[in-house]
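Peer 1: Dropping the structure in here first, questions after.
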């Protein structure tokens, strides 16, 4: 019997071969990817995260939250698994930099876009002011309220710490801008309390060829020239002066466009009384408004009104050429001088 010496075959598997094998089965991570990761080491100013790469990824403390973080333990726990945003490509040591903050910002923009689409009113406290307005935080994003959209007699500086109701004016992630209006939120609240057929007292704030703008408790309404009197009027200046106190009736509320249409014509006991005897119109305003509401209700129910009055139940149409000139009850435009004061929504 011949003894045979069995030898194990030589296996030539070098370090380079091992590295090549790892590369073959390694995931390729790119900046902008959102990946799951597990915290395996918390350091004083950051944490090491296992995301399946050859080298542990790193998240610095400033990328752990939208909000200020003094210690990594405020946000992360050892062995915790969660989503991370890949912020930068591998450095010279093959290490990726991660962020939670960017994920929170992405979700914050998504949320404020949804709130804007719903035309929601949000509440937030003022944390600072600048020359152009006030600063607030909405879903962690920094929002700006232009001074022209702050509806309060207080100096801006005294608003710090005060919570305000706000509506969205501009949500622009691409330009990193979030602009809000306190004034519009108050206007909406006031408009919701007004009713068609209601008599209100206001002040003439401006006169145009096509009508007068009346301030009714901080909200601007249009008294169109065709709704001043049943008799022909050449110009509203012949009837009103700026700062006149007037009694008017609301004939239309357009919350979507922020427009309020007013009338004194519908309050005239006799055609032309607004020109001949304005005091009589104001004295009989509630009585005439009650008749207007009765006729309006009868028309809505398809029942003929008991008696026709000189006042038309339905307001005359405003000419299309005039429509474009009529401003909303609240001004939406941001003055050019304020534009440069608008801070970025995301603080870099």
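Peer 1: Working only within the stretch 28-53, note down all residues that are in a strand (DSSP E or B), under 16 Å from residue 97 (Cβ atoms) and either touching a strand residue (DSSP E or B) at 6+ places or on another chain (Cβ under 6 Å) or in contact (Cβ under 8 Å) with a residue 40 or more places away in the chain (or both).
Peer 2: Selection gives 34, 35, 37, 39, 41, 46, 47, 48, 49, 50.
Peer 1: Need at least 2 residues that are surrounded by fewer than 19 Cβ atoms within 10 Å (Cβ to Cβ) and in contact (Cβ under 8 Å) with a residue 60 or more places away in the chain per element, so show me which strands (runs of 3 or more DSSP E) inside the stretch 70-133 make the cut, counting only ones lying wholly within it.
Peer 2: none
Peer 1: Considering only the stretch 54-69, state which residues are under 12 Å from residue 37 (Cα atoms) and not in a loop (DSSP other than H, G, I, E, B).
Peer 2: Listed by number, the residues that qualify are 57, 58, 59.
Peer 1: Something else now. Anything in the stretch 183-210 that is touching a helix residue (DSSP H, G or I) at 6+ places or on another chain (Cβ under 9 Å) and free of Cβ contacts under 8 Å to residues at least 40 places away in the same chain? List them, or say none.
Peer 2: Result: 207, 209.
Peer 1: On to the next question. Right, residue 61: surrounded by fewer than 20 Cβ atoms within 10 Å (Cβ to Cβ), modelled with pLDDT of 90 or more and either in contact with a strand residue (DSSP E or B) (Cβ under 6 Å, 6 or more places away or on another chain) or not assigned by TED's automatic domain parsing to the domain that holds residue 171 (or both) or not?
Peer 2: So residue 61 fits the description; yes.
Peer 1: Any chance you could count how many residues in the stretch 89-109 are modelled with pLDDT of 90 or more and farther than 19 Å from residue 35 by Cβ?
Peer 2: 2
Peer 1: A further question follows. From the list 211, 221, pick out the single residue that is on the phi > 0 side of the Ramachandran plot, surrounded by 14 or more Cβ atoms within 10 Å (Cβ to Cβ) and in contact with a strand residue (DSSP E or B) (Cβ under 6 Å, 6 or more places away or on another chain).
Peer 2: Details: 221 fails: on the phi > 0 side of the Ramachandran plot.
211 is the lone residue from the list that is on the phi > 0 side of the Ramachandran plot, surrounded by 14 or more Cβ atoms within 10 Å (Cβ to Cβ) and in contact with a strand residue (DSSP E or B) (Cβ under 6 Å, 6 or more places away or on another chain).
Peer 1: (1) surrounded by fewer than 13 Cβ atoms within 10 Å (Cβ to Cβ); (2) at pLDDT below 95: which one isn't true of residue 35, the others all being true?
Peer 2: All conditions are met except number (1).
Peer 1: Can you spot a residue in the stretch 144-166 that is out of contact with any strand residue (DSSP E or B) (no Cβ under 9 Å at 6 or more places or on another chain), at positive phi and not assigned by TED's automatic domain parsing to the domain that holds residue 237?
Peer 2: Scanning the stretch 144-166, I find no residue that is out of contact with any strand residue (DSSP E or B) (no Cβ under 9 Å at 6 or more places or on another chain), at positive phi and not assigned by TED's automatic domain parsing to the domain that holds residue 237, so the answer is no.
The values are calculated or read from the model by the stated rules, or taken from the named source; none is laboratory data. None of these values were measured; they are calculated from a predicted model. Neighbour counts run over all protein chains shown; Cβ positions are idealised from the backbone, glycine included.
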